[in-house]
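Asker: Following this message is one structure expressed as structure tokens.
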Amino acid sequence: MSELRALYQEVILDHYKHPRNFRVIENAPRRIDGYNPLCGDKITLFLDVENGVIEDIAFQGVGCAISTASASLMTEALKGKRVEEAELLLERFHTLLTDHDSRQQAAPTDDLPEGADVASLEGELGKLEVLSGVREYPVRIKCATLAWHALKAALDNDTAEAVSTE
Ligand code: ZN
């Protein structure tokens with residue numbers, strides 16, 4: 001278990017130091033700011049959805065290692081996914097972080113949208129597992145979920161006001 005923990009730490013640090021999709025999408029159809037007052041994490045999420053598919057997703061911001069790594073991993077997981085698949089991943093990711101007895105449920109095998117690529121979704125969820133360690137640290141859960149709160153608002157087109165984890 002400690003070896004696994006060490007590996008997870010390494011992945012998180014890598015995404016913190018070299019965040020993926022860390023850029024501005026000029027004229028992004030959807031753009032939302034998010035804030036986690038508990039830690040001071042700030043994010044701006046850019047989303048381009050066309051015909052129900054996430055064509056492009058990127059972020060900017062300043063935050064702790066967990067919030068930055070989570071946003072980076074999220075953008076990697078969601079690029080090219082259908083909106084329904086993104087919503088499913090969001091739900092499963094939340095379960096992964098908050099429910100200690102959810103290991104089996106974490107596999108996205110039911111409620112799948114039509115035409116969803118199960119293997120691909122399970123692979124993405126597996127990569128997000130590196131963040132599961134925050135379960136032990138309730139304050140850190142908000143760091144890990146900030147980008148996902150922003151994603152939800154962006155998918156719902158509810159972007160007039162900044163989202164807050166509080
Ligand atoms: Zn944080």
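Asker: Take E76 and tell me if it is away from the ligand (no atom under 16 Å from the Cβ), open to solvent by 30 Å² or more (accessible area, probe 1.4 Å) and more than 13 Å from F22 (Cβ to Cβ). Before you say what the answer is, go through the steps one by one.
Answerer: Details: away from the ligand (no atom under 16 Å from the Cβ): yes; open to solvent by 30 Å² or more (accessible area, probe 1.4 Å): yes; more than 13 Å from F22 (Cβ to Cβ): no.
In short, no.
Asker: On to the next question. If we keep just the residues of the range 1-36 that are under 30 Å from A160 (Cβ atoms) and among the β-branched types (V, I, T), which is most open to solvent (accessible area, probe 1.4 Å)?
Answerer: V24
Asker: Please indicate, with yes or no, whether at least one residue in the range 75-84 is modelled with pLDDT of 95 or more, touching a Phe, Trp or Tyr at 6+ places or on another chain (Cβ under 9 Å) and not aromatic (F, W, Y).
Answerer: yes
Asker: When the range 39-54 is examined, which residues are found to be within 18 Å of E85 (Cβ to Cβ), away from the ligand (no atom under 16 Å from the Cβ) and touching a residue at least 12 places away in the same chain (Cβ under 8 Å)?
Answerer: Answer for the range 39-54, where residues must be within 18 Å of E85 (Cβ to Cβ), away from the ligand (no atom under 16 Å from the Cβ) and touching a residue at least 12 places away in the same chain (Cβ under 8 Å): L47, D48, V49, G52, V53, I54.
Asker: For H100, work out the one condition from (1) open to solvent by 20 Å² or more (accessible area, probe 1.4 Å); (2) modelled with pLDDT of 90 or more; (3) more than 22 Å from R30 (Cα to Cα) it doesn't fulfil.
Answerer: Of the numbered conditions (1) open to solvent by 20 Å² or more (accessible area, probe 1.4 Å); (2) modelled with pLDDT of 90 or more; (3) more than 22 Å from R30 (Cα to Cα), the odd one out for H100 is (2).
Asker: Which one of the conditions (1) modelled with pLDDT of 90 or more; (2) surrounded by 16 or more Cβ atoms within 10 Å (Cβ to Cβ) does V62 fail to meet, given that it meets all the rest?
Answerer: With (1) modelled with pLDDT of 90 or more; (2) surrounded by 16 or more Cβ atoms within 10 Å (Cβ to Cβ) applied to V62, the lone miss is (2).
The values are calculated or read from the model by the stated rules, or taken from the named source; none is laboratory data. Note that this is a predicted model, so its numbers are computed, not measured. Don't worry about glycine lacking a Cβ; one is built from the backbone with ideal geometry, like all the others, and counts go over all protein chains shown. Only protein heavy atoms, including side chains, enter the accessible area calculation; ligands, DNA and RNA are left aside. Shrake-Rupley method; radii C 1.70, N 1.55, O 1.52, S 1.80 Å.
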